[in-house]
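Visitor: Take this structure first; my questions come after.
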Amino acid sequence: MSAYSFKDIITDDLTFTSPEKLGNCYICNLYNDDDLVYVQTPILKISNIKLSNDVESDNYIEVSCDDKQFIDFLLGMDENCVESTFHNSEEWFKKDIPYDAIEHMYENIDLENDKLRINFPYIKEKLQCKIFNNDKKNLEHSELSEDDNIVLILHIKGLKILKEKFYLDF
């Protein structure tokens, strides 16, 4: 696994695979050349954190971002998702889908007022992300608090396509 700084990724060079069924949705994996896409963020400040031992509840972290270049990167990712879906709609869905319909179905990255919301990933009730401090010591997610500065490594998996909507899954 190699993580790239968001500054080193050209969103137009990223490619999606054709959709594959996974449970009740379809997934289009995202690649940078032949590599999965792991992106290192700039330093972000935790503005809100919701953690619960109940994995069914909404566990997330909300971070403030004042790095315009990173915000532009995220907006570029959204644009690339819509453009790629539009250009591949005939191959992927066996029909031409109008651009405005794709744009309407696409759920943008949760970025409001320069705050990015990221859900904690769980599989079989086990947290699937590691958290480290500046000394590279492993931390529990319960040790995080508001106003902490963090750097994230985001695994941008690809497009998750549901019946009524689709979005970039990370």
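The values are calculated or read from the model by the stated rules, or taken from the named source; none is laboratory data. Fair warning: this is a prediction, and the values are worked out from it, not measured in the lab. Every residue, glycine among them, receives a Cβ derived from its backbone with ideal geometry; neighbour counts consider all protein chains shown. Surface areas here come from the heavy atoms of the whole protein model, side chains and all, with no ligands, DNA or RNA. Shrake-Rupley method; radii C 1.70, N 1.55, O 1.52, S 1.80 Å.
Visitor: Condition check: modelled with pLDDT of 90 or more, over 18 Å from GLU143 (Cα atoms), of a type outside the set (D, E, K, R) and in contact with a helix residue (DSSP H, G or I) (Cβ under 6 Å, 6 or more places away or on another chain). Does VAL82 satisfy that?
Guide: Judged against the criteria, VAL82 is a match.
Listed here are the residues, each with its yes/no results for (1) under 17 Å from the mean Cα position of the chain (by Cα); (2) of a type in the set (Phe, Trp, Tyr).
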{"site": "THR11", "(1), (2)": "yes, no"}
{"site": "LEU14", "(1), (2)": "yes, no"}
{"site": "CYS25", "(1), (2)": "yes, no"}
{"site": "ASN59", "(1), (2)": "yes, no"}
{"site": "ASP66", "(1), (2)": "no, no"}
{"site": "PHE70", "(1), (2)": "yes, yes"}
{"site": "GLY76", "(1), (2)": "yes, no"}
{"site": "HIS87", "(1), (2)": "no, no"}
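Visitor: Looking only at residues in the stretch 120-131 that are part of a strand (DSSP E or B) and modelled with pLDDT under 75, which one is most open to solvent (accessible area, probe 1.4 Å)? Walk me through it before giving the result.
Guide: Residues of the stretch 120-131 part of a strand (DSSP E or B): 122-123, 126-127, 131.
This time we only want the ones that are modelled with pLDDT under 75, so: 122-123, 126-127.
Details: TYR122: 58, ILE123: 102, LYS126: 128, LEU127: 39 Å².
Going through the qualifying residues, I end up with LYS126.
Visitor: Tell me yes or no: at least one residue of the stretch 135-148 is buried (at least 17 other Cβ atoms within 10 Å of the Cβ) and over 14 Å from the mean Cα position of the chain (by Cα). Quick ask: steps written out before the conclusion?
Guide: Our first condition is that a residue be buried (at least 17 other Cβ atoms within 10 Å of the Cβ); within the stretch 135-148, this holds for none.
No, the stretch 135-148 contains no residue that is buried (at least 17 other Cβ atoms within 10 Å of the Cβ) and over 14 Å from the mean Cα position of the chain (by Cα).
Visitor: Just one of the numbered conditions (1) in contact (Cβ under 8 Å) with a residue 60 or more places away in the chain; (2) over 21 Å from CYS25 (Cα atoms) is not true of LYS160; which one?
Guide: Failing condition for LYS160: (2).
Visitor: Here is a follow-up. Is at least one residue of the stretch 62-70 open to solvent by less than 60 Å² (accessible area, probe 1.4 Å), modelled with pLDDT of 90 or more and assigned to a loop (DSSP other than H, G, I, E, B)? Walk me through how you get there before you give the answer.
Guide: Keep residues of the stretch 62-70 that are open to solvent by less than 60 Å² (accessible area, probe 1.4 Å), which gives 62-65, 67, 70.
Restricting the remaining residues to those that are modelled with pLDDT of 90 or more gives 62-64, 67, 70.
Cutting the leftovers down to assigned to a loop (DSSP other than H, G, I, E, B) gives us 67.
Yes, the stretch 62-70 contains at least one residue that is open to solvent by less than 60 Å² (accessible area, probe 1.4 Å), modelled with pLDDT of 90 or more and assigned to a loop (DSSP other than H, G, I, E, B).
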